[in-house]
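Trainee: Following this message is one structure expressed as C-alpha cells.
The values are calculated or read from the model by the stated rules, or taken from the named source; none is laboratory data. Because the structure is a prediction, the values reported are computed rather than measured. Glycine gets a Cβ as well: all are built from the backbone with ideal geometry, and neighbour counts include every protein chain shown. Side chains are part of the model used for accessible areas, which takes the heavy atoms of the whole protein and leaves out ligands, DNA and RNA. Shrake-Rupley method; radii C 1.70, N 1.55, O 1.52, S 1.80 Å.
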Protein chains: 4
Amino acid sequence: MIKTVGIIGANGYTGSELIRILSFHPNVELQFLYSRSNSGVKISEIYPDLVSVCDMTLTNKIEEVDILFLCLPHQESKNFLAENSIKENVLIIDLGNDFRLENIFENRNFVYGLPEINKNEIKTAKSIANPGCFATAIQLAILPLTKLNLLEDIYTTGITGSTGAGQSLQATTHFTWRNDNISAYKTLTHQHVDEILKTLNQFNEKEINLHFVPWRGDFVRGIFTSSTLKCDLKLEEIQKIYQDFYKDAAFVSISEKPIDMKQVVNTNKCAIHIEKNKEMIVIHSAIDNLLKGASGQAVQNMNIAENWDENLGLNLKAIAF
Amino acid sequence: MIKTVGIIGANGYTGSELIRILSFHPNVELQFLYSRSNSGVKISEIYPDLVSVCDMTLTNKIEEVDILFLCLPHQESKNFLAENSIKENVLIIDLGNDFRLENIFENRNFVYGLPEINKNEIKTAKSIANPGCFATAIQLAILPLTKLNLLEDIYTTGITGSTGAGQSLQATTHFTWRNDNISAYKTLTHQHVDEILKTLNQFNEKEINLHFVPWRGDFVRGIFTSSTLKCDLKLEEIQKIYQDFYKDAAFVSISEKPIDMKQVVNTNKCAIHIEKNKEMIVIHSAIDNLLKGASGQAVQNMNIAENWDENLGLNLKAIAF
Amino acid sequence: MIKTVGIIGANGYTGSELIRILSFHPNVELQFLYSRSNSGVKISEIYPDLVSVCDMTLTNKIEEVDILFLCLPHQESKNFLAENSIKENVLIIDLGNDFRLENIFENRNFVYGLPEINKNEIKTAKSIANPGCFATAIQLAILPLTKLNLLEDIYTTGITGSTGAGQSLQATTHFTWRNDNISAYKTLTHQHVDEILKTLNQFNEKEINLHFVPWRGDFVRGIFTSSTLKCDLKLEEIQKIYQDFYKDAAFVSISEKPIDMKQVVNTNKCAIHIEKNKEMIVIHSAIDNLLKGASGQAVQNMNIAENWDENLGLNLKAIAF
Amino acid sequence: MIKTVGIIGANGYTGSELIRILSFHPNVELQFLYSRSNSGVKISEIYPDLVSVCDMTLTNKIEEVDILFLCLPHQESKNFLAENSIKENVLIIDLGNDFRLENIFENRNFVYGLPEINKNEIKTAKSIANPGCFATAIQLAILPLTKLNLLEDIYTTGITGSTGAGQSLQATTHFTWRNDNISAYKTLTHQHVDEILKTLNQFNEKEINLHFVPWRGDFVRGIFTSSTLKCDLKLEEIQKIYQDFYKDAAFVSISEKPIDMKQVVNTNKCAIHIEKNKEMIVIHSAIDNLLKGASGQAVQNMNIAENWDENLGLNLKAIAF
C-alpha cells in the first residue's frame, strides 16, 4: 500500500535530497512539494538533475498526506506547525533542530530519530526529530563507550562539506574563497554539542564534556570526525563493544582498517574506525551529511515508523570516486 | 527469473562500478568476480564503499553464468575470449574497445551498444560492444544532425574526469599535479574519433571530419563536450529534430536551459543543450563517464538484451551537489 | 625615483591583486586605495593575506599620483573619468573593457596594452587599455599566424577560473554548485571576441571568424585555451614563426612539450604549445587570468610606460603545486 | 656580495621550491642542483613552471659552495654527510628530520631552525636543522603558552596538503581517491610529536602530553591546525602573551579575527587565532607546508645565518584566491 508524502521546504538542499530518494522509493508517492518562495516553479528547474526523475511543481498549498517531512530553516518548524493544523495521524519527520532538545510541541511528542538507539520508540512514533549531521556522526562514534560509564572529556574535530551551510550565498560558500581552503567556525560552541550531550548523558553516569572544533571543508558532501579520549580498555575489547553495539544497525559498520570520508559519500552509511595509543583512543567516523546526516536518516526513520524494511529506497550507489 | 552474472576485470573502475549497480539490480545475481591480479582478496578491501553491499572475494576461476561483462584494458578482451571458451548462449558485454570497430570475433558478431540507435539489434544480441565514454557523449550530441545529411566539419572539445585514466598511478593522476589543473592530451588523435565516425558516417552522406581536442579535468567523474559546426536551420527546428530523435530514449534529455556537468554525475543520463549564433550551432553534452560512458550503459544494454525494463537498476540518485 | 600610485576599485579581485604585486615593487609607492563601498575599512580586513603586507585603509578621496589604475566593473571607468578630472600627465591604466574597442576618451587616446604587439606605443603612452583575460590568452595563441595572412575560421574553447566571475556572490560561484562542475556560458557571444578580432584583423588580410566557446572551470585561477584551425605549414615551420614572433617577449614561452595550466598560475607568464595532425593545427595557451590576464599585465604595461625593466615586481613565485 | 648555493635533492618538492625562491633572491646564486636519479635532466623539464626562471641542469657532481641545502628523504642526510666531506665553513641547512632530535653529527652541532625561539643561535650557526611542517605550525601555536608553565594535555588536529606526502605516486595521492576526500593517518604517532615536545618541554615545567591526530586534506598546499587545552587566563591576557611573544617575528601574525588556511598559502607566513570558551582555549594556526613548513623557513634561516634581512627573497605574493 502506497503512502502519500508531502515535503515542506522542498527547494532546499535537504528537501531536494528527499525528493531524489523518495522518487525511487517503492512504497511512497510524492503528493506535494511545498515552497513559499518558489511556488509555481518546477523543482527540476531549480535542480536540473531531477529532470525526468521528478516532474512536480512547487506549491504553496498543503494537501492531506500520510507522511510529512519538514525541511525548514532551524526554528521555522515550530512556526509552521503553529500556523498549520496537521492531523494527529500524520507522521511528521522534522529535519530541523526545533524538537531535538525540547521534544514536546502541543499534542505531539517528538522521538529523537537516531535509529541506533531509539528504534523501538521510532516504530510507534508519529513525530520524529531527525538528528543533526555532526550530531549523528559524533554520537555514532561515541555512543558504544557510554556502556563503560567512564566518559569524561572528549576532544573532537569534525569537518563538513559546503552543503552543511545551506543554499544561500555567503562569503564562506563563495567558490573563490572556499576552494582549497580550511577554516574553523563555532569553535567549542556548535549547536550540536547540546544535542549530543543530551543523548550521551542519558547513558553515562559522569557528566561529559565535549570539546568540539568544527571545520569548514573544501568539498561539498561529507563529514569526517576524530574524537580523542582516555580509555583503559584494550583495542580488541573496545572493538568488541562497538561490534556488539551496532550488530543490528543497518547502516553502521566498524572497520578494522582506516576509513576515508568518500567511502560513504552518497550513501546512508556511517563508517567507524578506532585506534589506540597508550591510554588514549581515537574514534574516527564518516557520513554523508545530507544522507545519514539528514535526508537519508529521515527516510530510514520513515521506513522504521511504517514498519517497512529499514533499507527501502536507501540502497544508494556510492559515488566511490 | 534471476540471471547469473560474472565480471571479468572486476577490480578496475568500470568493473567495480558494475558491482555497485548490479548489487542492487533486482533481476541478476553476481556469481563470480574475476581478477587475475587480486584473486583471493575481498572486493570490499579494495573498494571500502562496497562494505555491506558486496561481500564477495575476487577469484581467478571462471564459472558458468548467463551474462558476462568484460572490463579489461583495451585489447585484452580478445585475448580473454581466445583463451577461454564461453558458451554461445552467454550474453557477453565488452566494455573495452576491442569490438567497436571490428565487430566479428570467431562466431560472435558484436552489436555496437548505443541503445539510442541500435535498440532493436541489442534486443536479440548475444554479443555487445559497449561504446567508449567520449564516444557516447559526442555521438549523442551529434547523431540527430545526421538526419540532415549536411555534416562536414565538427569541432569538439571534451573534458573528462580522472577516472577516465583508470586505476594505475600516473604522473597525470597524481593529486598534486592534477588538482586545479587543466591540460590537453591526444589532440586530434583520440581513439574514439574513429568509433564516432564509424557511426556518424553510416547516416550521413558526406564524409565527416571530427576535430576533437580532449582535455584532462580536475575532477573525478564526468564528461562535458561542446561541438561547434555550421548549420542553417533555425534553433527551433534543430531542437525539434533532437526532441524527435530522442523521444523514446530512456536516459537522454534535451534541455532548453544551459546544462552543467554535475547534473548527470552518478546517473546514467545524458543531458544535451543546443545554442545558435548566426550560422553556427554549438551542441553541449554531459554524461558520467563511468555510467552512461561505461558501466551504466552496459547495464542498460543488458536490460534491453534481456527484455527487461531499460531503467532496471539504473534509477540512480544523482550526487547533485 | 619612486612613483606614486593610486588604485580605483581597490577592493575587487584585480584591485587587490595589484596591491599584492605593487606592495613589493621597488619603484612605486601606493598612495591611496579608493573604494566607494568600503571606504574606511582596512584592505587587510577584506583580504587577510595582506596582513603585514599592506596596512592601508580604503578611502573615497582621490589624491594626486603619478600612476592611476582603474579596476572598476566594465563601463564604469568612463563614468569615473567623466566625474573626476585627472591631470594629463598621470599614467592611467584601465583594467576594464571601456577603452579596448573605442580607445578615444576626451583628450586621452588609449593604447591597447598587449606588450607583445604594442610595446613601442606603450613606451610613450599616458593612457593604456589593459586587455581582457580570455582576449590575452587567445590573442597570444593566434597572433603569430597572422603573419601568414591565411587565417579564416578559428575554433576556440577556453576555460576560466571562478575569479573571472568577480567577487559578487552568484549561483555559478556558489561552492556547492561549482565544485567538480563544468559548464558553458556566453557561447559564441563572449565580449572578448570583438576585442580579439580587432587585433587580429589589423594583421590579417582576410576577415577572421572566431568561434569561441567559453567554459566555467572548477578552479579559482587560470585560463586554458585550445584553438583549432587549418594550416598547411609544417609543424617545425609554425614553431619557428612562433619562436621568432615572441623572441623578445618577456613572459611568453613556446613549449615543444605539452603544457598544463598550473605551470603558469600565480605568474605573469603565458605558455603556448602547438600540435599538428594532417592539415589541422591546435594551439594551446595558458595564463593566470588575474595576472597576465589582468593585474600582472597592467604592471608590465606600467613598467614599459615608465621605461623600467619589464620584469620589475613580476618575478613571482609560481604556485607550481 | 653574492653567496653560492648548492641544493642536494633538488628535484623533490622542497628542493624545487627552494629553486623557485632562490632564483629571485638578490644575495645568492645557484651553483649546482644535485640529483642522483635525474642527473643530466634540466630542472625545468621536471617542473615546467621553472621555464625561463631557472635554466640549470641537474648534476651528480658536488661543487664547492658557501651554502648547502639538503632536501633528502628522511634519514638520508646523515648518509649524505657521511659519504661526502663538506668543509666546516659551509652553511648546511637540512630540511629532513635527521638532526632535529639528535643534533650532533661528527663535528657539526645542528641548531634547531625555528627562528621564533632560536634566532640568536641561528645567527652564528653553520649547521641548521630545519623544522618539520606540522611541527612548525603546532609549535608556533603553542609556544607562547609555555611562559605559563601550565601546559599539560594538548589535543591537536591538523590537516595537510598532498605535497606533504612527497612526489612519489601512492594510493593516497591518486587524484581519484584524494579529491573531495578526508582521512586520518599516523593517529597519535606522527613523528613530529617528539620534535614538538622536545621544544615545548624546554620551556615548560610539567611534562606535556600532545595528542595529535593528523588528517590528509583534499588540497595541495597548506596546513591548518586546531589545538584545544585548558587555560584559566582571560582571552585578552592570552592574546597579549602571544602578541608579546611574536613582537619581533617577521612572519607570524596573531589575528583577532578568524583565520583561514588559504590566506597564507604561497607565503612564508604563519597566521594564529585564539578562541576561548569557559576554561578551554583553542589555538588555530595556518602555514604553507612547503614554505614556512619547509623551504621558506630554510631561506629565512639562511638569511638570519648570513645576517641578511630576514625577509630577503621571501616577499612572496600570496595565491590569495
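Trainee: Quick one: grab the alpha carbon gyration tensor of region D:50-184, order the square roots of its eigenvalues as a ≥ b ≥ c, and give me rounded if a/c is under 1.5, else prolate or oblate depending on whether a/b is larger than b/c.
Mentor: Taking the square roots of the gyration eigenvalues as a ≥ b ≥ c, region D:50-184 is oblate.
Trainee: For the pair A:Glu63 and C:Phe24, what calculated FRET efficiency results from E = 1/(1 + (r/R0)^6), where r is the Cβ-Cβ distance and R0 = 45 Å, to the nearest 0.05?
Mentor: Working from the Cβ atoms, E equals 0.10.
Trainee: Taking 2.2 N^0.38 Å as the expected size of a compact globular protein, what ratio does the Cα radius of gyration of the protein assembly as shown give against it, to two decimals? Walk me through the intermediate numbers first.
Mentor: Working: Rg = 31.2 Å, N = 1284, 2.2 N^0.38 = 33.4 Å.
Rg over 2.2 N^0.38 Å, computed on Cα atoms: 0.93.
Trainee: Sticking with this one: Mind listing the long-range amide H neighbours of B:Glu29? Cut-off is under 5 Å, sequence gap 5 or more, other chains count too, H placed in the peptide plane at 1.01 Å from N.
Mentor: B:Lys3, B:Thr4, B:Val5
Trainee: Could you sort B:Leu312, D:Leu150, D:Leu70 by accessible area so the largest value comes first, with the probe set to 1.4 Å?
Mentor: Descending order: D:Leu150, B:Leu312, D:Leu70.
Trainee: For C:Leu290, D:Leu169, what's the largest-to-smallest order of accessible area, 1.4 Å probe?
Mentor: On the way: C:Leu290 5, D:Leu169 75 Å².
From most exposed to least exposed: D:Leu169, C:Leu290.
Trainee: I've got another one for you. Hey, for C:Gln202 with labels 7 Å out along Cα-Cβ, what do the inter-copy distances come to in nm, ordered shortest first?
Mentor: Computed spacing set for this position: 5.2, 6.1, 7.5 nm.
Trainee: Within chain B, what's the longest stretch lacking GluC sites (Glu not before Pro) that sit in DSSP loops with no more than 13 other Cβ atoms inside 10 Å?
Mentor: Counting only loop sites that pass the neighbour cut-off, the longest clear stretch is B:1-62.
Trainee: Going from most exposed to least, what order do A:His273, C:His74 have by accessible area with a 1.4 Å probe?
Mentor: C:His74, A:His273
Trainee: While we're looking at this one, here's another question. Please figure out what share of the DSSP beta bridges in region A:70-223 is antiparallel and state it in percent, rounded to the nearest 5.
Mentor: 25 percent
Trainee: How far is A:Asn89 from the same spot in each other copy, in nm, shortest first, if each label point sits 7 Å from Cα toward Cβ?
Mentor: Its label point is 5.3, 9.1, 9.9 nm from the equivalent points in the other copies.
Trainee: Can I ask one more? Please work out the C-alpha center-to-center distance from region C:284-307 to region B:194-230 and express it in whole Å.
Mentor: 35 Å
Trainee: I've got another one for you. Tell me, what HN-Hα J-couplings in whole Hz come from the Karplus equation 6.51 cos²θ - 1.76 cosθ + 1.60 at θ = phi - 60° for each residue of region C:33-45, using x for Gly and Pro?
Mentor: Result, rounded to whole Hz: 10, 9, 8, 6, 6, 10, 3, x, 9, 5, 4, 6, 6.
Trainee: Continuing with this model, one more query. Amide H to amide H, which residues 5 or more places from B:Val111 or on other chains are under 5 Å from it, using H placed in the peptide plane?
Mentor: Residues meeting the criterion, in which the H sits 1.01 Å from N, are B:Ser127, B:Ile128, B:Ala129.
Trainee: Just the number, please: percent antiparallel of the DSSP beta bridges in region D:133-287, rounded to the nearest 5.
Mentor: On the way: 23 of 35 bridges.
Restricted to region D:133-287, the bridges split so that about 65 percent are antiparallel.
Trainee: What does the net charge come to around B:Phe80 if you take all other residues with beta carbon closer than 12 Å to its beta carbon, with K and R at +1 and D and E at -1?
Mentor: It works out to a net charge of -2.
Trainee: List every residue whose amide H lies under 5 Å from the amide H of D:Val252, counting only residues 5 or more places away in sequence or on a different chain, with H placed 1.01 Å from N in the peptide plane.
Mentor: Residues meeting the amide H criterion: D:Cys270.
Trainee: Using a cut-off of 15 Å between beta-carbons, work out the net charge of the residues near D:Tyr34 (Lys and Arg +1, Asp and Glu -1, D:Tyr34 not included).
Mentor: -2
Trainee: How high is the FRET efficiency between B:Ile46 and A:Asp194 when r is their beta carbon distance and R₀ equals 35 Å, given to the nearest 0.05?
Mentor: About 0.30, to the nearest 0.05.
Trainee: Now for a different question. Cα atoms only: what Rg and Dmax, in Å, come out for region B:133-287?
Mentor: Both quantities, over Cα of region B:133-287: 15.7, 47 Å.
Trainee: Looking only at the protein assembly as shown, where both bridge partners belong to it, what percent of the DSSP beta bridges are antiparallel (to the nearest 5)?
Mentor: If I count the DSSP bridges inside the protein assembly as shown, around 45 percent turn out antiparallel.
Trainee: Follow-up question, since we're still on this one. Taking the rotation axis that maps chain C onto chain A, which residue of C brings its Cβ closest to that axis, and at what distance in whole Å?
Mentor: In residue-and-Å form, the answer is C:Leu169, 2.
Trainee: Determine the shape class of chain C: with a ≥ b ≥ c the square roots of the Cα gyration tensor eigenvalues, call it rounded for a/c under 1.5, and otherwise prolate if a/b is greater than b/c, oblate otherwise.
Mentor: Values: a/c = 1.74, a/b = 1.46, b/c = 1.19.
Taking the square roots of the gyration eigenvalues as a ≥ b ≥ c, chain C is prolate.
Trainee: Residue by residue, what Karplus-based ³J(HN,Hα) values in Hz, rounded to whole numbers, does region D:296-311 have, using 6.51, -1.76 and 1.60 with θ = phi - 60° and x for Gly and Pro?
Mentor: Ordered by residue, 3J(HN,Hα) equals x, 5, 5, 5, 4, 4, 4, 4, 5, 5, 8, 6, 9, 4, 4, 8 Hz.
Trainee: Further, regarding this structure: Going 7 Å from Cα along the Cα-Cβ axis for the label, what nanometre distances separate D:Thr124 from the same residue across the other copies?
Mentor: For D:Thr124, the other copies' label points sit at 6.2, 8.2, 9.6 nm, shortest first.
Trainee: First select every other residue whose beta carbon is under 13 angstrom from the beta carbon of C:Asn201; then total the charges, Lys and Arg +1, Asp and Glu -1.
Mentor: Every neighbour counted, the sum reads -3.
Trainee: What ³J(HN,Hα) values, in whole Hz, does the Karplus curve 6.51 cos²θ - 1.76 cosθ + 1.60 give for region C:242-247 when θ = phi - 60°, with x put for Gly and Pro?
Mentor: For region C:242-247, the Karplus-derived couplings read 5, 4, 5, 4, 9, 5 Hz, x marking Gly and Pro.
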